[in-house]
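The values are calculated or read from the model by the stated rules, or taken from the named source; none is laboratory data. The shown structure was predicted, so the numbers you read here are calculated from the model rather than taken from an experiment. Methodologically, a virtual Cβ is constructed for each residue, glycine included, from the backbone with ideal geometry; neighbour enumeration extends over all protein chains shown.
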Amino acid sequence: MTAITAVDQRVLNPHPSLAQALRDTFTMAWRALLRVRRTPEQWADVVLQPILFTVMFAFLFGGAIAGDVQTYLPALIPGILVQSVITTSVVTGVQLREDMDTGVFDRFRTLPIARIAPLSGALLTDTLRYAIATAMTFAVGAAIGYRPGGGLVGVVLAGLLVVVCSWALSWIFAFVGVLARSATTVQAMSFMVLFPLTFLSNAFVPTETLPTWLRWFADLNPVSHLITGVRELANTGQVGADVGWALLGAAVVVAIFAPLTVRAYMRKA
Amino acid sequence: MKNQPVPWAVEAEGLVKVFGENRAVDGVDLRVAAGSIYGVLGPNGAGKTTTLSMLATLLRPDGGRARVFGHDVVAEPHVVRQLLGVTGQAASVDEKLSATENLVIFGRLLGLSWKASRAKSAELLEAFGLTEAANRPLANFSGGMRRRLDLAASLIAQPPLIFLDEPTTGLDPRTRSQMWDTIRDLVATGSTVLLTTQYLDEADQLADRIAVIDHGRVVAEGTPDELKASVGTASLHLEPASPSDTPRVLAAIDTVLGVRATVTAEGARVTAPMADPGRVTDLLVALRAADVHLAGLSVQKPTLDEVFLTITGAGAPVPDQEVAA
């Protein structure tokens with residue numbers, strides 16, 4: 001072993017720079033990818049769930065809500081897409097909790113890295129999960145007869161919008177993940193947030209059919225704006241006001257939950 | 001930012017950590033000279049790991065202050081982390097990745113390029129005899145291999161200060177002495193090592209100075225020789241043929257040598273500090289007069305076990321692992 005550099009010869013940074021934070025985030029994301037390679041079953045949900053949900057809801061509700069399955073698909077596919085991908089983002093919190101329970105997270109805390117990196121890296125890798133779930137949903141939709149009017153560009157933009165917003169929402173579940181005692185708790189708590197948010201929206205039924213109080217919530221629900229934005233992009237190729245609202249909502253969620261999550265993570269002994 | 005040379009690698013004053021009702025660390029002072037091996041010795045639950053965690057910026061102290069090479073652990077945690085490598089209970093490796101993947105990731109996080117990171121990881125795996133297992137999943141690693149990988153991970157940045165939290169707990173004697181050699185090599189390269197241990201012989205073998213911690217407090221501090229000297233120059237061990245004679249042996253030691261002896265838990269052996277070997281004859285004569293028969297008698301240079309016994313007033317910690325001290 002070679003002699004070490006003396007302490008007074010070392011260049012010491014008082015704080016991690018933004019460039020370092022980005023670099024550390026990508027390293028952590030790469031670590032998460034390596035872990036997926038070892039345990040591919042972790043990603044079974046993003047492949048199987050879109051198939052199951054899409055087929056199930058299309059044939060279950062198609063006739064009742066829109067008269068037939070084909071007429072229902074343009075409304076359903078964006079709805080089911082948003083619901084599936086957001087459900088997938090719950091796993092972020094669960095896996096983060098499991099990861100934090102291992103000793104390696106303690107080592108991360110002793111390293112001179114950006115404090116946000118272990119979290120932002122994991123969340124970055126998860127955008128790949130969302131992309132897979134998005135592609136699967138559109139593929140299954142196409143297989144059962146969905147022909148988006150927005151063309152490929154509209155579909156890709158719609159997919160991107162879903163991935164960005166889900167990434168933003170995953171900060172909520174990451175926050176729950178950092179705070180909760182166990183992975184099981186994370187799951188239970190997250191689904192209590194998730195179900196009202198995704199089902200009490202315009203995902204499956206037009207909000208006009210809802211009682212006034214519920215309609216008030218469903219219309220206000222940011223998930224509804226996201227779904228409307230996705231519908232516009234995928235079915236007509238138009239960028240509507242709802243895309244803006246969805247992105248604004250996403251930005252607000254990140255602005256609140258990213259700092260909260262990092263702070264909670266830093267406090268956790 | 002350049003730093004003035006500082007003599008102390010670690011300076012802690014009155015460190016306190018409270019968990020609920022439990023004062024896990026209750027006013028610990030430590031001074032570790034740069035370039036030395038410093039041992040923190042104590043039984044399970046004495047507060048060793050908690051103390052180390054505070055110095056490693058893992059836990060925020062509830063009281064007191066600590067500096068690493070002059071940098072405050074609370075005010076400048078990022079600087080302190082650049083000077084530290086931590087190994088042991090407090091920090092570990094990723095079970096789901098291979099040894100190489102682990103080291104490359106830590107290398108990247110420590111600012112090395114991909115290339116430098118791979119080279120460093122290969123170099124360390126070689127140095128720690130892990131090259132063959134480099135790409136195997138960690139699940140198949142033995143305890144000794146894991147510990148070596150753990151240590152390798154904390155040496156990537158060649159930090160000037162290394163914390164080893166119970167580096168040999170649970171290792172077999174051979175792996176243990178290999179680990180000791182590695183630790184001595186580290187100091188030879190200019191590093192400072194702060195290690196915790198519950199094994200007295202480990203502290204005796206490795207450390208330049210030792211702090212004995214019990215119930216969250218430093219109860220004794222000094223070089224191994226100073227600590228041993230504090231319990232007398234040598235000690236006398238007596239084994240009564242019948243354990244029922246033990247009280248009479250103690251009484252004889254008290255009257256003849258004028259010191260208090262200690263008894264092992266089983267009551268089979270009596271140990272007394274011995275300042276003047278000439279007085280032993282008097283003691284033996286007194287014992288024969290009292291009709292006490294001895295099964296064994298020996299004179300030993302003091303060990304840290306006796307230091308521990310004398311200082312804490314309790315029996316030496318019984319290691320719960322397969323390795324007996």
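Per-structure values
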quantity: In the stretch B:69-114, the residues that are more than 8 Å from chain A (Cβ to nearest Cβ), among the aliphatic types (A, V, I, L, M) and crowded, with 22+ Cβ neighbours inside 10 Å; calculated: B:Val73, B:Val80, B:Ala99, B:Leu103, B:Val104
quantity: The stretch A:15-53, subset of a type in the set (Ser, Thr, Tyr) and modelled with pLDDT of 90 or more, residue farthest from A:Val85 (Cα to Cα); calculated: A:Thr27
quantity: Selected residue (criterion: nearest to the other protein chains (Cβ to nearest Cβ)) from residues of the stretch B:169-183 that are touching a residue at least 40 places away in the same chain (Cβ under 8 Å) and under 22 Å from B:Leu55 (Cβ atoms); calculated: B:Thr182
quantity: Which listed residue, of A:Leu96, A:Leu128, A:Leu81, A:Leu124, is assigned to a helix (DSSP H, G or I), crowded, with 20+ Cβ neighbours inside 10 Å and at pLDDT 90 or above; calculated: A:Leu81
quantity: Close pairs from the stretch A:1-28: first within 8 Å of chain B (Cβ to nearest Cβ) and without any contact (Cβ under 8 Å) to a residue 40 or more places away in the chain, partner part of a loop (DSSP other than H, G, I, E, B) and of a type in the set (Asp, Glu), Cβ under 7 Å, at least 6 apart; calculated: A:Pro14/B:Glu76
quantity: Hits in the stretch A:151-168 - residues which are closer than 26 Å to A:Asp68 by Cα and surrounded by fewer than 20 Cβ atoms within 10 Å (Cβ to Cβ); calculated: A:Gly151, A:Leu152
quantity: Test: residue in the stretch A:130-153 that is more than 29 Å from A:Val205 (Cα to Cα) and aliphatic (A, V, I, L, M); calculated: no
quantity: B:Ala24 within 12 Å of chain A (Cβ to nearest Cβ) and either crowded, with 16+ Cβ neighbours inside 10 Å or outside any loop (DSSP other than H, G, I, E, B) (or both); calculated: yes
quantity: Unique residue being β-branched (Val, Ile, Thr) and part of a loop (DSSP other than H, G, I, E, B) when the list is B:Val79, B:Val93; calculated: B:Val93
quantity: Subset of the stretch B:101-125 that is part of a helix (DSSP H, G or I) and hydroxyl-bearing (Ser, Thr, Tyr) - its residue that is nearest to the chain's Cα centre (by Cα); calculated: B:Ser121
quantity: Residue within the stretch B:61-68 that is touching a residue at least 60 places away in the same chain (Cβ under 8 Å) and more than 8 Å from chain A (Cβ to nearest Cβ) present; calculated: yes
quantity: Tally of residues being touching a Lys or Arg at 6+ places or on another chain (Cβ under 7 Å) and assigned to a helix (DSSP H, G or I) across the stretch A:2-41; calculated: 4
quantity: Selection from the stretch A:137-149 of residues that are part of a loop (DSSP other than H, G, I, E, B) and crowded, with 20+ Cβ neighbours inside 10 Å; calculated: A:Tyr146, A:Pro148
quantity: Residues of the stretch A:202-223 satisfying the condition of being in a helix (DSSP H, G or I), under 23 Å from the mean Cα position of the chain (by Cα) and over 17 Å from A:Thr134 (Cα atoms); calculated: A:Phe217, A:Ala218, A:Asp219, A:Leu220, A:Pro222
quantity: Residue count for the stretch A:29-49, restricted to those that are charged (D, E, K, R) and at the interface with chain B (Cβ under 8 Å from one of its Cβ atoms); calculated: 3
quantity: Candidate set from the stretch B:33-48 (those that are at pLDDT 90 or above and in contact with an Asp or Glu (Cβ under 6 Å, 6 or more places away or on another chain)); member that is nearest to B:Ile311 (Cα to Cα); calculated: B:Ile37
quantity: Set B:Ala234, B:Ala241, B:Ala203: member being over 20 Å from A:Arg107 (Cα atoms), crowded, with 18+ Cβ neighbours inside 10 Å and among the small types (Gly, Ala, Ser); calculated: B:Ala203
quantity: Filtered residue count, the stretch A:238-258, keeping only those that are surrounded by 13 or more Cβ atoms within 10 Å (Cβ to Cβ), part of a helix (DSSP H, G or I) and over 15 Å from the mean Cα position of the chain (by Cα); calculated: 4
quantity: Selection status of A:Ala183, at pLDDT 90 or above, more than 16 Å from the chain's Cα centre (by Cα) and surrounded by fewer than 20 Cβ atoms within 10 Å (Cβ to Cβ); calculated: no
